[in-house]
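What follows is one structure encoded as structure tokens, with my remarks underneath.
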Amino acid sequence: PRPVFSPHGTSLFLPWNRASLASVEQALQEFEPGVTLPVWDWTQLREIPEAFATPTVQGRDNPLCSAAIDPMALAQAEESEPRATTRAPGTAEGASLPTSEDLAGAAAFGDFVSFSRAIDSLSGIVHVWVGGDMATVGLAAYDPLFWAHRAMVDRIWAAWQARHPSAEVPGDIANTVLPPFPMSVEDVLEIDELGYAYSPAADQAETRLLETGAASDLPATEDRLGFQAYAAALAEMIACPGTKPP
């Protein structure tokens, strides 16, 4: 329940997300030492993963499909009747899951703040696409799918960190604590120090998250876009004595 929720729109979004994932996984491991959070790679699997979509398993309700919402959170959402989470995938007007190309565009940013904003935006698009409670800030985390989606977000950050080892978080947030978790931004910058890793490694993933055609804006020595003929024609027209303004 609020006031605890993911700090969207700030540079704390990715660190807070990582602190929450590490804390939840550690809590799960108190019940089952070998369990790990799964990753929903929505650039490849363009639907709700089967493990989260199947209503029943072996004749029992599937707890990954729907889960009870905390009564205090329901009250904050101005609901009084107890209920479990719901979804409405793909029904929001104009909503579609982000693509590998969308992800590559976000990953092309070399500074943390720009990258964080781009990933925050893509994450929000996934929430809207899933619909139901995932599209509501105060209720989203009660859907078990939230954690598989947010693990994907963290995996993307880990891949970006491997690609940009010298990129740093803003100095003014490095020591910021991430309530309710007993960690600061500086504490969550390295996933190996938190005791987990991604398989395959985040920067070796099949989706090739960080491959992009982006280049610098310096003058090119190779015409990769095939515009040389157009440039030559325009140059001749501009240089022609018969060309008059406008």
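Summary table below
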item: Of all residues in region 117-146 being outside any helix (DSSP H, G or I) and more than 20 Å from residue 11 (Cβ to Cβ), the one that is most open to solvent (accessible area, probe 1.4 Å); result: 136
item: Per-region count, region 51-95, residues among the hydroxyl-bearing types (Ser, Thr, Tyr) and surrounded by 14 or more Cβ atoms within 10 Å (Cβ to Cβ); result: 2
item: Selection count, region 150-176, where residues are of a type outside the set (Gly, Ala, Ser) and surrounded by fewer than 13 Cβ atoms within 10 Å (Cβ to Cβ); result: 4
item: Residue in region 127-143 that is closer than 23 Å to residue 191 by Cβ, touching a residue at least 24 places away in the same chain (Cβ under 8 Å) and under 12 Å from the mean Cα position of the chain (by Cα) present; result: no
item: Helices (runs of 4 or more DSSP H) lying entirely in region 40-116 (those with 3 or more residues that are within 20 Å of residue 141 (Cβ to Cβ)); result: 50-53, 71-76
item: Some residue of region 158-180 being of a type in the set (D, E, K, R), in contact (Cβ under 8 Å) with a residue 60 or more places away in the chain and more than 30 Å from residue 75 (Cα to Cα); result: no
item: Of all residues making up region 18-50, the number that are open to solvent by 10 Å² or more (accessible area, probe 1.4 Å) and among the small types (Gly, Ala, Ser); result: 3
item: Which listed residue, of 1, 15, is surrounded by 15 or more Cβ atoms within 10 Å (Cβ to Cβ), in contact with a Gly (Cβ under 9 Å, 6 or more places away or on another chain) and over 15 Å from residue 148 (Cβ atoms); result: 1
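The values are calculated or read from the model by the stated rules, or taken from the named source; none is laboratory data. These numbers come from a predicted model, not from an experiment. No Cβ is skipped: glycine too gets one built from the backbone with ideal geometry, and neighbour counts run over all protein chains shown. Calculation scope for accessible area: heavy atoms of the full protein, side chains included, ligands and nucleic acids excluded. Shrake-Rupley method; radii C 1.70, N 1.55, O 1.52, S 1.80 Å.
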